[in-house]
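Visitor: First, the structure itself, so that you have it in front of you.
Since every read-out is calculated from the coordinates, none of them should be taken as a lab result. What you see is a predicted model; the values in this text were computed from it and never measured. When we count neighbours, we look across all protein chains shown, and the Cβ atoms used for this are built from the backbone with ideal geometry, even at glycine.
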Amino acid sequence: MLVKVFANLRQICGGVTVEVSPDGDRVIDVLDKMIEMFPALQAEIFTTEKRLLPFVHVYVNGRNIIHLDDLETRVKDEDQFALFPPVAGG
């Protein structure tokens, strides 16, 4: 699965996109695999209770997972997956 990452996550992940082969078919499985690949990502996206930090957004096929099944949302290899960290600006 190809995951697009944005803002400071690009520095952690080494680019705009990351090829991920998750061990399952849920959003949480994709994110867990990304953390396995890039351990510094964990502190940027998850709380200690393994919930997404406020203002971290995950989109699957253009839809925010909070409007789907959150971290339990099912994904397929051909889905468009995007990960946005909190962004500040003015």
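Visitor: Over the chain, what is the relative contact order in percent, taking alpha-carbon pairs closer than 8 angstrom and at least six residues apart?
Guide: Once divided by the residue count of the chain, the mean separation gives 36 percent.
Visitor: Sort out the exposed loop trypsin sites (Lys or Arg not before Pro) in the chain (DSSP loop, at most 14 other Cβ within 10 Å) and tell me the longest stretch that has none.
Guide: By the stated rule (loop sites, at most 14 other Cβ atoms within 10 Å), 1-49.
Visitor: Within 10 Å of each candidate Cβ there may be at most 13 other Cβ atoms; applying that plus a DSSP loop requirement, which GluC sites (Glu not before Pro) in the range 27-90 survive?
Guide: Those that pass, being in a loop and sparsely packed, are Glu49, Glu78.
Visitor: So what's the back-of-envelope 222 nm ellipticity for the chain, counting only DSSP H runs of four-plus at -39500 (n - 2.57) apiece and dividing by all residues, rounded to 500?
Guide: Calculated at 222 nm, the ellipticity per residue is -6000 deg cm²/dmol.
Visitor: Compute the normalised compactness of the chain: alpha-carbon radius of gyration over 2.2 N^0.38 Å, N being the residue count.
Guide: The chain yields a ratio of 0.98.
Visitor: Further, regarding this structure: Convert each backbone phi in the range 13-28 into a coupling constant with the Karplus relation 6.51 cos²θ - 1.76 cosθ + 1.60 (shift: θ = phi - 60°), then list the ³J(HN,Hα) values in order as whole Hz, x for Gly and Pro.
Guide: With coefficients 6.51, -1.76 and 1.60, one gets 8, x, x, 7, 10, 10, 8, 10, 10, x, 8, x, 10, 10, 3, 4 Hz.
Visitor: Give me the three principal axis extents of the range 2-46 from the C-alpha atoms, as integers in angstrom, largest value leading.
Guide: On the principal axes, the range 2-46 reaches 26, 20, 14 Å in Cα extent.
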